[in-house]
Structures are given as C-alpha cells and as structure tokens.
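J.: Below are the structure tokens for one structure; questions will follow.
The values are calculated or read from the model by the stated rules, or taken from the named source; none is laboratory data. What you are looking at is a predicted structure, and each value in this text was computed from that prediction instead of being measured. Counting neighbours? That spans all protein chains shown, and the Cβs are built from the backbone with ideal geometry, glycine included. Ligands, DNA and RNA are stripped out before the accessible areas are found, and what is left, the full protein with its side chains, is counted by its heavy atoms. Shrake-Rupley method; radii C 1.70, N 1.55, O 1.52, S 1.80 Å.
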Amino acid sequence: AVDTVGSHTLANICASLKYGGVVAACGLAQGMDFPASVAPFILRGVTLAGIDSVMRPIEDRLQAWQRLAELLDFDIFEDISTDISLTDVVETAEGLLAGKVRGRVVVDINK
C-alpha cells in the first residue's frame, strides 16, 4: 500500500495488510500521530517504510517514476479507482477517516 495521509488511515492500512504486506508512508495530511498496535508488525510481518517525499534528489525521483512506469500494469487502476464529484468529497473524506474507503479516489471537478 501507499499512504499519503498518516494518522488513523495509516493505522487502518497496517491493520488490514495481509501477511508480509508493506506500506510506504509518504504523507501526513491527516496528522503525525500513529494510533496503532505493534500487532501487525510482529504477528503478520508487516513492514512500514517511510518515504522522504520532500528532500529526495530529483534523479532518484525520476528513476522511481520510470521504474513504476515499467513495472505497473496501469489497467489495474480501473479496478481500484473510484471517480467522485466535488459534491461527494465531504462524504468520501468522512469514509476515508473512518477507514471505509479503499483504493484510489479521483475527484472529477467536471462531474
């Protein structure tokens, strides 16, 4: 998983990962706290990897984006994405904070 939110959302992701799962944390939009247990880490071998998305040199960023472009099957985004309208943002955000939103949410401002 990739988490850009932090706080309760990151805790929910760690709690829901399967055995041996990995989450890359690269943002703190919801907060810097981490209200979670160590259980996912010691019982299911979950790994939490911190990603420095601010100070990472541009060469490393370009290499990472290139690698993703080579490895990812972009068709999968159709299966894990939901488009919402701007009027649905508050309701979706509440679901996100409650740990009920999975996948990628795209706000289509033309809807």
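J.: Can you work out the Karplus-derived ³J(HN,Hα) for every residue in region 5-13? Use 6.51 cos²θ - 1.76 cosθ + 1.60 with θ = phi - 60°, whole Hz, and x for glycine or proline.
T.: 10, x, 6, 4, 5, 5, 4, 5, 5
J.: Please turn the phi angles of region 49-58 into ³J(HN,Hα) values with the Karplus equation 6.51 cos²θ - 1.76 cosθ + 1.60 (θ = phi - 60°), one per residue in order, whole Hz, x for glycine and proline.
T.: Each residue of region 49-58 in turn: 10, x, 10, 7, 8, 9, 9, 4, x, 4 Hz.
J.: What ranking, highest mean first, results for peptides 56-64, 88-96 when packing means the other Cβ atoms within 10 Å averaged over each residue?
T.: 88-96, 56-64
J.: Here's another thing I want to ask about it. Please list 3J(HN,Hα) in residue order for region 33-46, calculated via the Karplus relation 6.51 cos²θ - 1.76 cosθ + 1.60 where θ = phi - 60°; whole Hz, with x for glycine and proline.
T.: 6, 9, x, 9, 9, 7, 3, x, 6, 9, 9, 10, x, 5
J.: For the chain, with every protein chain kept in place, what is the accessible area per residue (1.4 Å probe, Å²)?
T.: The answer is 74 Å² per residue.
J.: In square nanometres, what is the average projected area of the Cα convex hull of region 22-61?
T.: 3.6
J.: To continue, here is another question. State which stretch of the chain is the longest one without any exposed chymotrypsin sites (Phe, Trp or Tyr not before Pro), exposure meaning a DSSP loop state and at most 10 other Cβ atoms within 10 Å.
T.: Of all site-free stretches, the longest is 20-73.
J.: What percent do you get for the relative contact order of region 19-111 when only Cα pairs under 8 Å and 6+ apart count?
T.: 25
J.: Heavy atoms only, probe 1.4 Å: what % of the accessible area of the chain goes to carbon and sulfur, would you let me know?
T.: Heavy-atom surface of the chain belonging to carbon and sulfur, 1.4 Å probe: 59 percent.
J.: Then there's this: Between F77, T87, F41, whose Cα lies farthest towards the positive end of the dipole of the chain when Lys and Arg beta carbons carry +1 and Asp and Glu beta carbons carry -1, centred on the Cα centre?
T.: Value: F41.
J.: For V2, enumerate residues with amide H under 5 Å from its amide H, sequence gap 5+ or separate chain, H modeled in the peptide plane.
T.: Under 5 Å from the amide H of V2 lie the amide H atoms of A24, each far enough along the sequence or on another chain.
J.: Can you give me the long-range amide H partners of V105? Hydrogens built in the peptide plane at 1.01 Å from N, cutoff under 5 Å, separation of 5 or more residues or another chain.
T.: T82
J.: Another question, then. Please give the direction-averaged projected area of the C-alpha convex hull for the chain, in square nanometres with one decimal.
T.: Quarter of the Cα hull surface area: 8.3 nm².
J.: I've got another one for you. What are the residues whose amide H is under 5 Å from the amide H of G31, where those residues sit 5 or more places off or on another chain and H is modelled from the backbone?
T.: HN-HN under 5 Å from G31: S7.
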